[in-house]
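The values are calculated or read from the model by the stated rules, or taken from the named source; none is laboratory data. Model, not experiment: these values are computed from the prediction. Quick reminder, even Gly has a Cβ in these numbers, built from the backbone with ideal geometry, and neighbours come from all protein chains shown.
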There are 2 protein chains.
Amino acid sequence: MNIFVLGGDGFCGWPTSLHLSELGNDVTIVDNLCRRRIDRELGIDSLTPISDIHERIDCWREVSGQEIQFLNIDLSSDYAAFLQALKSNHPDVIVHFGEQRSAPYSMKNSLTNRFTIQNNLVGTNNICSAIVESGIDAHLIHLGTMGVYGYGTAGLEIPEGYLNLELGGSDDMEILYPANPGSIYHMSKCQDQLFFLFYNKNYQLRITDLHQGIVWGTQTNLTRLNEKLINRFDYDGDYGTVLNRFLTQAAIGHPLTVHGTGGQTRAFIHITDTVQCIEIAMRNPPEKHARVKIYNQMTETHRVRGLAKLVAGMTGAEISFLQNPRKEADENDLEVSNECFLTEGLEPTRLAEGLLSEVIEISQRYAERIDIEKIPCASFW
Amino acid sequence: MNIFVLGGDGFCGWPTSLHLSELGNDVTIVDNLCRRRIDRELGIDSLTPISDIHERIDCWREVSGQEIQFLNIDLSSDYAAFLQALKSNHPDVIVHFGEQRSAPYSMKNSLTNRFTIQNNLVGTNNICSAIVESGIDAHLIHLGTMGVYGYGTAGLEIPEGYLNLELGGSDDMEILYPANPGSIYHMSKCQDQLFFLFYNKNYQLRITDLHQGIVWGTQTNLTRLNEKLINRFDYDGDYGTVLNRFLTQAAIGHPLTVHGTGGQTRAFIHITDTVQCIEIAMRNPPEKHARVKIYNQMTETHRVRGLAKLVAGMTGAEISFLQNPRKEADENDLEVSNECFLTEGLEPTRLAEGLLSEVIEISQRYAERIDIEKIPCASFW
């Protein structure tokens with residue numbers, strides 16, 4: 001198959017591109033490289049020494065014999081170039097990772113807020129509009145977030161995207177699970193859902209929307225093949241997820257910093273499983289005229305303090321509780337349906353089993369590259 | 001009070017600006033004049049001979065002795081200028097009409113689609129972000145649309161914005177009425193709702209969102225004072241509402257063209273009532289920390305064929321039924337709550353009473369300016 005991976009230079013996009021290429025597909029990475037620009041803007045860097053996109057692709061050609069094409073296109077500002085690429089390449093599948101993905105970055109200031117809206121919303125509309133205008137029948141697979149489910153549902157399992165309402169009238173409604181975003185970034189993903197609802201309804205675009213949990217882990221079997229293929233590991237206060245920040249703190253003997261009581265429950269998935277899920281979604285496209293297919297892309301839930309204890313147990317680190325910089329409940333439960341992927345054969349990598357290799361392979365190995373001052377949260381809301 | 005009217009050169013914005021100025025407020029119109037640019041792009045023109053913005057403002061100064069300020073700012077691309085205007089003027093109220101408002105125009109082609117998204121979404125986010133960044137405590141009043149309520153609710157009245165869900169868990173949810181937009185334009189207004197939800201929740205912005213029906217009528221008591229103050233009357237296939245197209249057809253002896261069975265029920269409000277509603281909303285701002293206040297800004301509902309009969313009865317025109325160019329149900333019911341405005345004193349102008357003066361004052365008076373070729377719908381979806 002001919003596959004476009006938008007944002008294919010990023011943390012999820014790169015290992016996905018390698019996996020889809022390994023399977024024998026023609027892979028084209030479309031990326032504006034904004035994630036690397038933001039590294040420079042914030043004075044941060046991946047803990048792992050990532051190669052630039054051309055070195056990565058050259059190395060992959062040597063290692064695998066497979067060619068990955070790279071198009072440096074900004075989806076939010078260069079519509080014509082993207083449209084032309086669709087017309088020339090006729091991709092069967094478009095995997096859309098091309099969004100600014102940090103909630104704290106989106107909340108940093110007016111510039112980062114507005115960049116997130118421009119990049120994510122205008123970008124997503126341009127993608128959908130270009131698919132319609134080009135006339136291709138591509139399956140669009142979008143990486144969304146569990147964060148679109150913002151409402152507490154004590155005792156209830158969060159469904160996969162849709163909710164049935166019985167309002168007493170003759171028409172029952174099947175609605176998108178109500179949105180209640182917690183950041184500008186999460187809001188952009190809620191607004192994306194409306195793009196997909198509309199383009200599917202009006203233009204019969206075939207769309208799969210993946211509501212992903214927090215991704216942990218760094219390497220896949222393919223990014224391990226050569227150090228030039230290594231994947232990103234972010235540990236800074238904006239892009240580093242809670243688990244990566246714990247691992248980094250532990251590696252240099254710093255206490256693990258937990259916000260509030262650490263009672264926030266979050267959904268997680270390993271990067272290897274993310275890649276598998278994209279493949280599963282690709283193999284199971286929605287039928288023509290079917291509604292948008294929504295999967296919850298996560299494999300387990302943990303409270304933040306539970307994660308801290310897990311990392312502390314493996315590394316001997318201490319735990320330190322700080323004031324929560326965000327507006328959120330101190331304690332929340334989270335039950336999530338992830339039937340779809342399990343039914344279709346996903347075999348999850350569990351945190352309890354996979355975490356130790358992260359400690360040894362990544363955070364301890366690259367400990368000398370850690371800049372401790374970058375770990376604390378720098379965005380408050 | 002110091003009031004910004006965004007989109008104050010447009011069909012709703014201009015009479016609102018005059019009314020608020022007449023009441024003794026300091027009014028600043030902020031407009032990128034894109035509606036006039038689109039007239040030239042489409043080769044259309046208001047049936048009424050509107051003056052340019054500077055002539056209008058000069059005439060108003062002569063007629064009333066009141067000064068209206070004009071800032072030619074594009075809200076979606078010139079954030080810095082708008083932020084500076086907020087910091088210099090400290091408006092108490094910002095009335096936001098500054099959006100591309102035609103569903104057919106938004107569905108015309110990829111360019112008009114993408115313009116609508118850029119103008120409406122990036123513009124609305126820039127406005128909210130600039131209010132936060134400037135630190136002013138302005139009340140934002142936004143003109144939304146009844147079209148955000150896309151779901152059929154046979155036998156049920158559409159509430160004013162919110163719906164209570166009892167899901168069986170301990171937490172009931174009060175959610176925005178589920179969105180199901182019928183065009184790119186309507187989608188942008190649904191996405192606007194999420195901006196307001198978030199900026200209100202996170203930054204305590206005081207926001208009123210008005211879900212407006214189809215506005216009919218042209219003149220208010222103030223736009224009548226001098227022909228240089230005259231308001232727009234659009235009758236073309238993109239910007240002309242169904243009623244204006246009927247009036248124009250009748251004026252030149254053309255049959256009234258009804259799409260499908262004409263069983264579509266729509267909500268209506270007279271332009272004079274729109275202006276009154278803005279004043280009412282302004283006098284009743286939400287309290288600090290209150291949720292977004294949502295009103296349904298409409299006064300009566302009619303089926304399209306009922307409107308055709310009404311106009312035919314007044315003018316002797318014939319009625320002709322054409323195939324519907326849009327994807328929508330042929331027949332739908334519509335019951336809408338508009339408690340809020342009625343409670344707060346709105347005295348509606350009814351179609352049955354006000355329509356005849358439209359026929360005489362506008363469509364017959366300017367009949368020689370009608371270009372019959374511009375009336376049919378040019379966008380199909």
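Residues of region A:339-354 being at pLDDT below 90 and of a type in the set (A, V, I, L, M), which ones?
Matches in region A:339-354: A:Leu342, A:Ala352.
Mind listing just one residue for me: the one in region B:94-112 that is aliphatic (A, V, I, L, M) and over 24 Å from B:Trp14 (Cβ atoms) and, of those, surrounded by the fewest Cβ atoms within 10 Å (Cβ to Cβ)?
Kept after step one, since they are aliphatic (A, V, I, L, M), are these residues of region B:94-112: B:94-95, B:103, B:107, B:111.
Still in the running and over 24 Å from B:Trp14 (Cβ atoms): B:107, B:111.
Details: B:Met107: 22, B:Leu111: 12.
Ranking the candidates gives B:Leu111 first.
Would you be able to say whether some residue in region B:142-150 is of a type in the set (Phe, Trp, Tyr) and more than 14 Å from chain A (Cβ to nearest Cβ)?
Of region B:142-150, the ones of a type in the set (Phe, Trp, Tyr) are B:149.
From what's left, more than 14 Å from chain A (Cβ to nearest Cβ): none.
Taking every residue of region B:142-150 in turn, none turns out to be of a type in the set (Phe, Trp, Tyr) and more than 14 Å from chain A (Cβ to nearest Cβ).
Within the set of pairs 6+ apart or on separate chains, which have a first residue in region B:346-360 that is farther than 17 Å from B:Thr241 by Cα, a second that is in a loop (DSSP other than H, G, I, E, B) and aromatic (Phe, Trp, Tyr), and C-beta atoms under 7 Å apart?
No pair meets every condition.
Condition first: within 14 Å of chain B (Cβ to nearest Cβ) and either in contact with a Cys (Cβ under 6 Å, 6 or more places away or on another chain) or part of a loop (DSSP other than H, G, I, E, B) (or both). Can you find one or more residues in region A:225-235 that meet it?
Let us first name the residues in region A:225-235 that are within 14 Å of chain B (Cβ to nearest Cβ), namely none.
Within region A:225-235, none of the residues are within 14 Å of chain B (Cβ to nearest Cβ) and either in contact with a Cys (Cβ under 6 Å, 6 or more places away or on another chain) or part of a loop (DSSP other than H, G, I, E, B) (or both).
Give the residue that is nearest to B:Leu210 (Cα to Cα), with candidates limited to residues of region B:319-335 that are out of contact with any helix residue (DSSP H, G or I) (no Cβ under 7 Å at 6 or more places or on another chain) and either of a type in the set (Asp, Glu) or not in a loop (DSSP other than H, G, I, E, B) (or both). Talk me through it step by step, then tell me what you get.
Residues of region B:319-335 out of contact with any helix residue (DSSP H, G or I) (no Cβ under 7 Å at 6 or more places or on another chain): B:320-326, B:328-335.
Among the residues that remain, those that are also either of a type in the set (Asp, Glu) or not in a loop (DSSP other than H, G, I, E, B) (or both) are: B:320-322, B:328, B:330-331, B:333, B:335.
On the way: B:Ser320: 34, B:Phe321: 33, B:Leu322: 32, B:Glu328: 24, B:Asp330: 27, B:Glu331: 25, B:Asp333: 21, B:Glu335: 17 Å.
Per the stated criteria, the residue is B:Glu335.
Regarding A:Arg303, is this residue under 22 Å from the mean Cα position of the chain (by Cα), crowded, with 16+ Cβ neighbours inside 10 Å, under 25 Å from A:Thr248 (Cβ atoms) and of a type in the set (D, E, K, R)? Please lay out each step first, then the result.
Details: under 22 Å from the mean Cα position of the chain (by Cα): yes; crowded, with 16+ Cβ neighbours inside 10 Å: yes; under 25 Å from A:Thr248 (Cβ atoms): yes; of a type in the set (D, E, K, R): yes.
In short, yes.
Within region A:159-216, how many residues are more than 10 Å from chain B (Cβ to nearest Cβ), assigned to a helix (DSSP H, G or I) and either out of contact with any Pro (no Cβ under 9 Å at 6 or more places or on another chain) or under 21 Å from B:Gly147 (Cα atoms) (or both)?
Total satisfying the criteria: 2.
Could you list, in sequence order, all residues of region B:125-147 that are closer than 22 Å to B:Ile280 by Cβ and touching a Phe, Trp or Tyr at 6+ places or on another chain (Cβ under 6 Å)?
B:Leu143
Which of the residues that make up region A:114-125 are crowded, with 24+ Cβ neighbours inside 10 Å and within 7 Å of chain B (Cβ to nearest Cβ)? So that I can check it myself, show each step before the final result.
First, pick out the residues of region A:114-125 that are crowded, with 24+ Cβ neighbours inside 10 Å: A:116-117, A:120-121, A:123-125.
Within region A:114-125, A:Ile117, A:Leu121, A:Asn125 qualify.
Let's see how each residue does on (1) of a type in the set (Phe, Trp, Tyr); (2) part of a helix (DSSP H, G or I):
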{"position": "B:Glu287", "(1), (2)": "no, no"}
{"position": "B:Tyr295", "(1), (2)": "yes, no"}
{"position": "B:Thr301", "(1), (2)": "no, no"}
{"position": "B:Arg305", "(1), (2)": "no, yes"}
{"position": "B:Ala308", "(1), (2)": "no, yes"}
{"position": "B:Met314", "(1), (2)": "no, yes"}
{"position": "B:Val359", "(1), (2)": "no, yes"}
{"position": "B:Glu368", "(1), (2)": "no, yes"}
{"position": "B:Ser379", "(1), (2)": "no, no"}
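To keep it simple, each residue is scored yes or no on (1) farther than 30 Å from A:Pro325 by Cβ; (2) over 17 Å from the mean Cα position of the chain (by Cα); (3) of a type in the set (Phe, Trp, Tyr).
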{"residue": "A:Ser129", "(1), (2), (3)": "yes, yes, no"}
{"residue": "A:Val132", "(1), (2), (3)": "yes, yes, no"}
{"residue": "A:Gly144", "(1), (2), (3)": "no, no, no"}
{"residue": "A:Pro178", "(1), (2), (3)": "no, yes, no"}
{"residue": "A:Tyr185", "(1), (2), (3)": "no, no, yes"}
{"residue": "A:Lys189", "(1), (2), (3)": "no, no, no"}
{"residue": "A:Phe198", "(1), (2), (3)": "yes, yes, yes"}
{"residue": "A:Tyr203", "(1), (2), (3)": "yes, yes, yes"}
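Any chance region A:217-224 includes a residue that's within 27 Å of A:Trp60 (Cβ to Cβ), surrounded by fewer than 21 Cβ atoms within 10 Å (Cβ to Cβ) and more than 16 Å from the chain's Cα centre (by Cα)? So that I can check it myself, show each step before the final result.
First, the residues of region A:217-224 that are within 27 Å of A:Trp60 (Cβ to Cβ): A:217-224.
Now drop any that are not surrounded by fewer than 21 Cβ atoms within 10 Å (Cβ to Cβ), which leaves A:219, A:221, A:224.
Still in the running and more than 16 Å from the chain's Cα centre (by Cα): A:221, A:224.
Scanning region A:217-224, I find at least one residue that is within 27 Å of A:Trp60 (Cβ to Cβ), surrounded by fewer than 21 Cβ atoms within 10 Å (Cβ to Cβ) and more than 16 Å from the chain's Cα centre (by Cα), so the answer is yes.
Evaluate region A:263-275: report whether one residue or more is in a loop (DSSP other than H, G, I, E, B) and at pLDDT below 95.
The initial filter retains those residues of region A:263-275 that are in a loop (DSSP other than H, G, I, E, B), namely A:264.
Adding the requirement that they be at pLDDT below 95 leaves A:264.
Within region A:263-275, one or more residues are in a loop (DSSP other than H, G, I, E, B) and at pLDDT below 95.
Looking at (1) more than 30 Å from A:Tyr203 (Cα to Cα); (2) at pLDDT 95 or above; (3) surrounded by fewer than 22 Cβ atoms within 10 Å (Cβ to Cβ), which one does A:His259 not meet, given that it meets all the others?
Answer for A:His259: the failing condition is (2).
Just checking, does region B:86-93 include any residue being surrounded by fewer than 23 Cβ atoms within 10 Å (Cβ to Cβ) and of a type in the set (Ser, Thr, Tyr)?
yes
Could you list, in sequence order, all residues of region B:45-61 that are more than 9 Å from B:Lys228 (Cβ to Cβ) and either part of a helix (DSSP H, G or I) or at pLDDT below 95 (or both)?
Passing the criteria: B:Ile53, B:His54, B:Ile57, B:Arg61.
Which ones in region B:128-141 are more than 11 Å from every other protein chain (Cβ to nearest Cβ) and among the β-branched types (Val, Ile, Thr)?
Selection gives B:Ile136, B:Ile141.
Among the residues of region B:191-210, are any among the hydrophobic types (A, V, I, L, M, F, W, C) and farther than 30 Å from A:Pro104 by Cα?
Keep residues of region B:191-210 that are among the hydrophobic types (A, V, I, L, M, F, W, C), which gives B:194-198, B:205, B:207, B:210.
Filter once more, so that each one left must be farther than 30 Å from A:Pro104 by Cα: B:210.
The answer is yes, given that some residue of region B:191-210 is among the hydrophobic types (A, V, I, L, M, F, W, C) and farther than 30 Å from A:Pro104 by Cα.
In the set A:Ile53, A:Ile57, A:Ile38, which member is under 21 Å from A:Tyr366 (Cβ atoms), over 18 Å from the mean Cα position of the chain (by Cα) and touching a residue at least 12 places away in the same chain (Cβ under 8 Å)?
Numbers: A:Ile57 fails: under 21 Å from A:Tyr366 (Cβ atoms); A:Ile38 fails: over 18 Å from the mean Cα position of the chain (by Cα).
Testing whether each residue is under 21 Å from A:Tyr366 (Cβ atoms), over 18 Å from the mean Cα position of the chain (by Cα) and touching a residue at least 12 places away in the same chain (Cβ under 8 Å) leaves just A:Ile53.
What pairs come out if I take residues in region A:18-33 that are closer than 16 Å to A:Ala138 by Cα and pair them with residues that are in a helix (DSSP H, G or I) whose C-beta lies under 6 Å away, six or more apart or interchain?
What qualifies is A:Val27/A:Ser17; A:Val27/A:Leu20; A:Val27/A:Ser21; A:Ile29/A:Ser17.
Do we have any residue at all in region B:123-145 that's in contact with a Gly (Cβ under 9 Å, 6 or more places away or on another chain) and at pLDDT below 90?
no
Please state which one of B:Gly24, B:Gly10 is among the small types (Gly, Ala, Ser), on the phi > 0 side of the Ramachandran plot and outside any helix (DSSP H, G or I). Don't jump to the end; show me each part of the working.
Numbers: B:Gly10 fails: on the phi > 0 side of the Ramachandran plot.
Sole residue among the options that is among the small types (Gly, Ala, Ser), on the phi > 0 side of the Ramachandran plot and outside any helix (DSSP H, G or I): B:Gly24.
Can you report the number of residues in region B:262-291 which are surrounded by fewer than 21 Cβ atoms within 10 Å (Cβ to Cβ) and in contact with a Lys or Arg (Cβ under 7 Å, 6 or more places away or on another chain)?
Selection size over region B:262-291: 5.
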